[in-house]
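Read-outs: derived from the displayed coordinates by stated rules, not from any lab. Everything numeric in this text was worked out from a predicted model, so none of it was measured. Note that each Cβ is placed from the backbone with ideal geometry, even for glycine, and that neighbours are counted across all protein chains shown.
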Amino acid sequence: MDMFSKRHLLEALKKAKVPYTYKALLKFERDGVIPMPSRVDGRERYYTREQIEMIVEKVRVHKQKSHLPK
């Protein structure tokens, strides 16, 4: 199973035209918007390709919902 770093996740978000900072992604993790990633060495976050695809979609949906008029 291939594992990818946060850099790959941020690049995927940018490519999908939903760029976010890494700090924002950490907040999304804490708030339950996206799942917590694996930690291979106990510190660095790593993601599978499937997790990156799922996170990009969840962030896209979250962004659309947060921009809806109230």
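What pairs come out if I take residues in segment 28-47 that are touching a residue at least 24 places away in the same chain (Cβ under 8 Å) and more than 11 Å from K6 (Cβ to Cβ) and pair them with residues that are surrounded by 10 or more Cβ atoms within 10 Å (Cβ to Cβ) and not aliphatic (A, V, I, L, M) whose C-beta lies under 6 Å away, six or more apart or interchain?
Taking only residues 6 or more apart or on different chains, the pairs are V33/H62; I34/F28; I34/K58; S38/Y46; V40/Y46.
Considering (1) basic (K, R); (2) on the phi > 0 side of the Ramachandran plot; (3) surrounded by 14 or more Cβ atoms within 10 Å (Cβ to Cβ), say which one K17 fails and leave the rest.
Condition not satisfied by K17: (3).
If D2 satisfies all but one of (1) in contact (Cβ under 8 Å) with a residue 40 or more places away in the chain; (2) surrounded by 13 or more Cβ atoms within 10 Å (Cβ to Cβ); (3) not basic (K, R), what's the number of the condition it fails?
(2)
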